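Novice: One structure coming up, written as structure tokens, with questions to follow.
Each value in this text was obtained by applying a stated rule to the coordinates, not by laboratory testing. In this text the structure is predicted, and so the values were computed from the model without any measurement. Every residue, glycine among them, receives a Cβ derived from its backbone with ideal geometry; neighbour counts consider all protein chains shown.
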Amino acid sequence: MIVSWNWLKQYVKLDISVDELVHRLTMTGLNHESTGDVEGDIAIDLEVTSNRPDCLGHIGVAREAAVVLGRELTVPEVKFPTSKPAASDVTGVEVSCPDLCPRYLARVIRGVKIGPSPDWLRRRLATCGAQSINNVVDVTNYVLLEVSQPLHAFDFDKLAEHRIVVRRARPGEAIVAINQKKYELRPDMCVIADASRVVAVAGVMGGFDTEVSDRTANLLIEAAEFDPVSIRRTGRALGLSSESSYRFERGIDAAGLDWASRRCCQLITEVAGGTVADGVAAVAAPVAPRLPIVLRFAQLKRILGIEIEPEKARDILLRLGLAEVRRDATTVEVRPPSWRRDLEREIDLVEEVGRIHGYEHVPEDVEVPMTAAPRGAAERVESTVRHTLVAAGFFEAATMSFVDERLLESFRVWSSGKPLAVDHSTRRQENLLRQSLVPSLLAARRLNESHGTLDSELFELARVYLPAAPAGLPNERTHFALVSGRDLRELKGVIENLLVALHAGVTLEATNVERPEFAPGRGAELHVGGELVGYFGQTSDRLVAQFDLRTACCVAELNLDRLAGAAQLIPQLRTVPHLPASQRELSLIVDEPAHWSAVESAVRSAAGPHLESIQFLDLYRGKPIPAGRKSLHFSMTFRAPDRTLTHAEVDQSQAAIIDACKRGLNAELRE
Amino acid sequence: MDANELNKALADLEVLAREATEAFAAASSADDVEKSRIRFLGQKHGRIEEFEAFFKNLPKEGKKAFGMRFNEVKTALKQAHEQSVVRVRPEARVGATSSVALHSSAAVRFDFSLPGLRPRLGRKHPLTQTAEELVDIFGRFGFTLATGPEIEDERHNFEALNIPLAHPARDPADNFYVDDKTLLRSQTSTVQIREMEKQPPPVRVVAIGRVYRPDAIDATHSCMFHQIEGLYVDKKVTLADLKTVLRLFAASYLGHDVHIRFRPSFFPFTEPSVEVDMSWDLRGGKWIELGGAGMVDPNVFRAVGYDPEIYSGFAFGLGIERMCMRRHGINDIRQFYENDVRFLEQF
């Protein structure tokens, strides 16, 4: 809301600097945005929160200033001569939708002369950023900016049968608004009509046909109240907003309607001549009196944490326009004024007293009791995952939760269910909620390639959004994913290290899976304890082409919620062995299809009780190993907890291992 | 020279890189290692030499495109070679040695001016770093981390937060609705409600996470951003506790004393509501906006079954992006979501 310094001074004595005023207003709720000089006046832009529509007019702002500065507020008296025939004799108002328009007041002015506005009026509007149109329209805008009540002036003679019908739009109806654009209306919209057609979109914009023109002689002045929600929906649906709709959406002062209507008529006759018809044609439900509110003074201390004298609190409320109904030593009962619809409850009064008294009195150094704040399991696990991946050389990425269909389909391993989508005009393309983090990371890797970083190693830890269970919210899971130029074994090592870092006493089983996301033979499912926890592999040519990557890369994605369950957050010491171990190395030549896991498990089951660990060293193919065979080179550690093992014992285990591998795996010892 | 040729050379280079890396990794004797070295890195007929020649004949712009990757591959292969040399030494086999011993017999002095061989080092995203710091600080003040879903129902995103159906904040145009009843949360205040539903007072939590609003995207606005939200409910919590906690927070975050000022504001779920500013110099110092806060509205307490006559509480919300941008001199919010490594590696 831009207010004029000179204008404000009409209502309240301001013998302080502009800076001082805006500071005081800022500290009591009207946040200062900017100040600028306009033609000998000063335009002050104040941010008005949505609960204070009364401050969308100069009198409202002046009232705040008067309260803050301890001055009197002077509201102009409205008086003008009237003439017969009375308004109710020359026009009629019919409201068929009181739910959308609870009050409608029409006054008639005869014999106006349309012309340019006088300087004082033009300047007031200019300071507030409003263009001058003509003397009559300018007055309606002036009163809007004065008291935050939108008004509309119709060319009375262009209204069919000289009457007003407030109703819902009929199917197929349309209107050309004063901006000369045509709008199709919907039956849920409230319109102002005459006997035959729509003449205004209620509270949003007037019609072109009935607007005030140079030839207008007689006026119908509308002052009304419209349902805020209906105004908002209509404005949105039509893509229209105006100073009027902005105020109707926030609520106007129903008790002030008549004053605004009369004020408008008074000023029009002053600047455009004419006489006001006697009385008013109106359909208006009586304005219900505001209910009184009790403030217990003790609540001030309880909520604000400071002592405020009851007398001071009472004084603040009365200055704000609340009327005292009753008071005693511990409470005061007050009735809020009609323009303060935001005041309904005791807590509202606590805030009023607090903000006018000043929050600078609230101390910033009280004693706040201590309390325990344990770190939760998820927090610890996520922190460990991040640390481990960063130490492994990965950069953490943060990508959008939204993807387009192409991205969603590119890597779709977790769900084939219909993706969740948002419905919003700003997201026609990327409207889907992702089901995997991998596509976003591949896109980020591509972006890095285009910037010359060919080896970006990225990870992300974030939610994926899978379709809802039959009842309840969608299935949101925390995943983490990696993209990397490293080879499959290196990347698998990174994932294994994560399990180590989490002290997850479980084995990660990777089994080959053929999927379009992965290159043939180079994709795997990851299981822990028989449960699927992730996918891992080298991107297929299709994926490389889709993301326009220079080369294939490796990706992995794991369900962190599942891994977290296996994490041991407080590891327990296992006794560090004090007896020496025996190391043995073996190279076994086995048939090509045999997996290392088969060799490992054959070794473990044949080794006897003293095999402590087994470590893969090398895989070799080529001369002198015959085609279709490969050599696996590994070391084994043997140890007994209570004694040093003899060579003979270890030899015996080794022999058993070799024997088992020969029999079970067609293995042959490589000399 | 056309782009196809360059792309093919780059692809061939990757093949070479993979084969050579595998060969060095698979080498099990000094002989193997040496054979692989001659085959890939040899000065006369090593396969890398073909690319060297190709590179020399490239025009200037091709040199730039190809050279970076070529040098990376060359360096990586040299490292792979060095590692395999160390690995196949007899004393390295059992893993009982350190590489220090391997080089100690060298006759020449080590050139300490050579750059170190740096292991790869990643970074946490700057938003994570900021978020973790905030959670850590509030943790010291007794606030436990809480989480909640990003896709929320209307009760948690609106109704229980004292935002009735007619409120403009519920307009579908201002939210990302997933269906009639659920939407992407527009604020982390939803977690307040979930925490209070879960447990009786006292409650002292912070929630952190992604929130979504259909703002037009520019240097300071994104349709997705991160918030941290704090809630403290107990029998005697006042606005003075809020001011104190926020002052201690700001002082901890900045590392020096600051002052806090409240400007009246409006949020449906708090009353009184305030905008919070901080300043480190009360004599004419600038006030910097920290976030929004207030005392929990009695209607919010009623919605979760707390008695507002017995309990009071405060809530505050801060924008992670904004704090991170100010802290590190970042001037475009979009950089957070691009994930350019040249950006990420600076934090």
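Novice: Can you work out the FRET efficiency for the pair A:R489 and B:A216, with r the C-beta to C-beta distance and R0 = 45 Å, to the nearest 0.05?
Specialist: 0.45
Novice: Hey, what did the stretch A:2-69 get for relative contact order, percent, Cα under 8 Å, at least 6 apart?
Specialist: 41 percent
Novice: Give or take rounding to whole Å, what are the principal axis extents of the alpha carbon atoms in the stretch A:377-566, in descending order?
Specialist: 48, 45, 30
Novice: Taking R0 as 56 Å, what's the FRET efficiency between A:R345 and A:R375 from their Cβ-Cβ distance, rounded to 0.05?
Specialist: So, using R0 = 56 Å, E works out to roughly 0.90.
Novice: OK, next. Which three lengths, in whole Å and largest first, does the stretch A:67-201 cover when its Cα atoms are put on their principal axes?
Specialist: That gives 53, 35, 33 Å along the principal axes, largest extent first.
Novice: Now for a different question. Please report the spacing between the Cα centers of the stretch A:362-417 and the stretch A:270-293 in Å, no decimals.
Specialist: If we compute the Cα centre of each part, the gap is 59 Å.
Novice: Where does each of A:L343, B:L10 land when they are ranked from fewest to most other beta-carbon atoms within 10 angstrom?
Specialist: Ordered by Cβ neighbours within 10 Å, fewest first: B:L10, A:L343.
Novice: In terms of Cα to Cα distance under 18 Å, which lysines are near enough to B:K181, apart from those fewer than 8 places away along the same chain?
Specialist: In chain and number order, the partners are A:K418.
Novice: What pairs from B:K35/B:K78; B:K44/B:K78; A:K301/B:K286; A:K492/A:K630 go past 19 Å between their alpha carbons?
Specialist: Violating the 19 Å Cα-Cα cut-off are A:K301/B:K286; A:K492/A:K630.
Novice: Taking 7 Å along the Cα-to-C-beta vector as the label spot, tell me the B:A76-A:H633 distance in nanometres, rounded to one decimal.
Specialist: 2.3 nm
Novice: Using θ = phi - 60° and the Karplus relation 6.51 cos²θ - 1.76 cosθ + 1.60, list the HN-Hα couplings for the stretch A:21-37 in order, rounded to whole Hz, with x at every Gly or Pro.
Specialist: Result, rounded to whole Hz: 4, 5, 5, 5, 5, 4, 6, 10, x, 9, 5, 7, 9, 6, 9, x, 7.
Novice: Would you mind ranking B:I260, A:I16 by Cβ crowding within 10 Å, fewest neighbours first?
Specialist: Least to most surrounded, the residues fall as A:I16, B:I260.
Novice: Then there's this: Compute the label zone of B:K198 within the stretch B:148-188: residues whose backbone N is under 11 Å from the point 7 Å along Cα-to-Cβ.
Specialist: Counting only backbone N, you get B:148-149.
Novice: Under the classification rounded if a/c is under 1.5, otherwise prolate if a/b is larger than b/c and oblate if not, where does the stretch A:2-69 fall, given a ≥ b ≥ c as square roots of the Cα gyration tensor eigenvalues?
Specialist: Verdict is rounded for the stretch A:2-69.
Novice: In terms of the Cα gyration tensor, with a ≥ b ≥ c the square roots of its eigenvalues, is the protein assembly as shown rounded because a/c is under 1.5, prolate because a/b exceeds b/c, or oblate?
Specialist: Note, shape of the protein assembly as shown comes out prolate.
Novice: In sequence order, what are the phi-derived ³J(HN,Hα) couplings for the stretch B:231-243 according to the Karplus relation 6.51 cos²θ - 1.76 cosθ + 1.60 with θ = phi - 60°, rounded to whole Hz, with x for glycine and proline?
Specialist: Each residue of the stretch B:231-243 in turn: 9, 9, 10, 7, 6, 10, 7, 10, 4, 5, 5, 4, 4 Hz.
Novice: At 222 nm, what helix-only mean residue ellipticity would chain A give, in deg cm²/dmol to the nearest 500, using -39500 (n - 2.57) for each DSSP H run of four or more?
Specialist: Per the formula, -9000 deg cm²/dmol.
Novice: Now for a different question. Using all Cα-Cα distances in the stretch A:276-409, what percent lands in each 10 angstrom bin from 0 up to the longest?
Specialist: 9, 23, 15, 12, 16, 16, 7, 2, 0
Novice: Same structure again: Report relative contact order for chain B in percent, whole number only (criteria: Cα-Cα under 8 Å, sequence separation at least 6).
Specialist: For chain B, the relative contact order is 14 percent.
Novice: May I ask you to sort A:H152, B:H256, B:H226, A:H633 by Cβ crowding, counting other Cβ atoms within 10 Å and putting the fewest first?
Specialist: Listed from fewest to most nearby Cβ atoms, that is B:H256, A:H633, B:H226, A:H152.
Novice: Can you figure out the FRET efficiency of A:S17 with A:E309, using R₀ = 41 Å and their beta-carbon distance, to the nearest 0.05?
Specialist: Working from the Cβ atoms, E equals 0.90.
Novice: Sticking with this one: Taking the stretch A:489-578, which GluC sites (Glu not before Pro) meet the DSSP loop condition and have no more than 15 other C-beta atoms within 10 Å?
Specialist: Answer by residue number: A:E514.
Novice: Which residues' amide hydrogens lie under 5 Å from the amide hydrogen of A:F208, considering only partners 5 or more residues apart or on another chain, with H built in the peptide plane?
Specialist: Under 5 Å from the amide H of A:F208: A:V176, A:A177, A:I178.
Novice: Return a whole-number percent for the relative contact order of the stretch B:177-296, with Cα pairs under 8 Å and 6 or more residues apart as the contact set.
Specialist: It rounds to 16 percent for the stretch B:177-296.
Novice: Now for a separate question. Could you give the size of the charge dipole of the protein assembly as shown about its Cα centre, using +1 on the Cβ of each K and R and -1 on the Cβ of each D and E, expressed in debye and rounded to the nearest 20?
Specialist: With only Lys, Arg, Asp and Glu charged at Cβ, the dipole is about 1160 debye.
Novice: Also, quick follow-up: Residues with amide H under 5 Å of A:H32's amide H, sequence separation 5 or more or different chain, H placed in the peptide plane at 1.01 Å from N; which?
Specialist: A:T26, A:E47
Novice: Going Cα to Cα from A:K182, which lysines come in below 20 Å? Please leave out same-chain ones fewer than 8 positions away.
Specialist: Within the straight-line limit of under 20 Å, A:K182 reaches these lysines: A:K158.
Novice: Cα gyration tensor of the stretch A:171-275, axes a ≥ b ≥ c as square roots of the eigenvalues: rounded (a/c below 1.5), prolate (a/b > b/c) or oblate?
Specialist: It comes out oblate by the Cα gyration axes.
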